[in-house]
1. For a quick check: with amide H placed at 1.01 Å from N, whose amide H comes under 5 Å from residue 48's, ignoring anything fewer than 5 positions away on the same chain?
2. Could you tell me the calculated FRET efficiency between residue 165 and residue 62, based on Cβ-Cβ distance and R0 = 25 angstrom, to the nearest 0.05?
3. Of the peptides 188-196, 221-229, how do they stack up when ordered by the mean number of other Cβ atoms within 10 Å, highest first?
4. I want to check the label-to-label distance for residue 229 and residue 40. Put each point 7 Å from Cα in the C-beta direction and report it in nm to one decimal.
5. Determine the gain in length on full extension of the stretch residue 282-residue 266; use 0.36 nm per residue of separation and subtract their C-alpha separation, reporting nm with one decimal.
6. Residue 131 to residue 294: extension gain in nm, 0.36 nm per residue of separation minus the Cα-Cα distance?
7. Could you calculate the FRET efficiency of residue 236 with residue 318 from 1/(1 + (r/R0)^6), where r is the beta carbon distance between them and R0 is 35 Å, rounded to 0.05?
8. Can you give me the P(r) profile for the range 25-69? Cα pairs, bins 10 angstrom wide beginning at 0, each as a whole percent.
Amino acid sequence: MIASLWLTLASLAQAAPARRAVLLGHANDSALRRIANELRVAGYEVLVVPSEGKIDDVTLAQVADEREALAVVSVSTRAEAAEVVVYVVDRVRAESTLRRLVQRSGDPGSVDQVIALRIVEVLNAALLELERKSTVPRGSTAAVLPDARLPPPTRRADRAIRLGVSAQAQATWLLGGLPPFFGPALSARLVLPSGLFLGVAGFASASKATLTGRAGSADIRIFEATLRAGFEAPLWRNLDLGCNLALGWLGAWASAEPAVGFRERDARSLSALVIGQGELGLRIFEHMSFVGALGFGVVLPRLSLRQASTEVAVAGPWLASAGVGIVTEWEP
């Protein structure tokens, strides 16, 4: 009895079509990325295989066999239209179907959305038909299921929830007489649907400013830590535009070298920081972007480092920053 049950379950597992789809196309194609996201939301296992040029039908069949996929989707985006070829395999009956979808040019975001939702509809219909065939023997007179059983595709926000980290080389100016400070900046963020994101960021100056006065000299360094909330959205092709508002703390310390006859000790300052920042990102890979950032903010109260006999530095309350770096992201 147990052996018979095991064989029955194994035969049903082989008969059920795999929910695996292979996407062929340029890795930076926005339509390809949108189709991949929609298919994952619909419950498909998605494999993205970068390819260049037009894909013929023989190649589609070979890829389907090698990857044991339910479907192979070839995406080709041109200036005037986006063309998608869908190759669906019925492994139970050794049959295949080929369908071509063409979406004329318009707003790039709407074109990508329409073509992606149509692909989900096509694969849902194909999967439903394959499941019906796998349970109906040849020659059976069972009625064909109506299209009403096929649920409409779920419309969702432009992006799924993603996690990301970034590393930048940053320059920060404390406007008020101090030279710029240079150093690394790191950040982590959680991107929500519709492009909203929350995150944390930090900057520590590797450079220093040396000031000399009556009481001696002092080397000044700064650091900042912020909480950020903002918005990012596709701008054009592989370009993303973002902006955010950050609240946090700006710290500074001065390491003193007192002159003869003076007693000095290190001075420290900690001030509240409010800064707005804009970002422009160029997507160079599917999960990696090269970014440039520019920010401007206010330090409250203004930065002031004082020692026993002299004022080492007074700067602010204005602050500016600029940076370039790399952002990586992934979907959990």
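1. Result for residue 48 returns 23.
2. Once the sixth-power term is evaluated, E becomes 0.10.
3. Peptide ranking by packing, descending: 221-229, 188-196.
4. Distance between the two pseudo-spin positions: 2.6 nm.
5. Result for the pair: 1.5 nm of gain on full extension.
6. 53.3 nm
7. Taking R0 as 35 Å, the efficiency between residue 236 and residue 318 is 0.65.
8. 24, 51, 26
Where a number appears in this text, it was derived from the coordinates with a stated rule and is not lab data. All figures in this text were calculated on a predicted structure; none of them were measured in a lab. Here the Cβ is made from the backbone with ideal geometry for all residues, glycine too, and neighbour counts use every protein chain on show.
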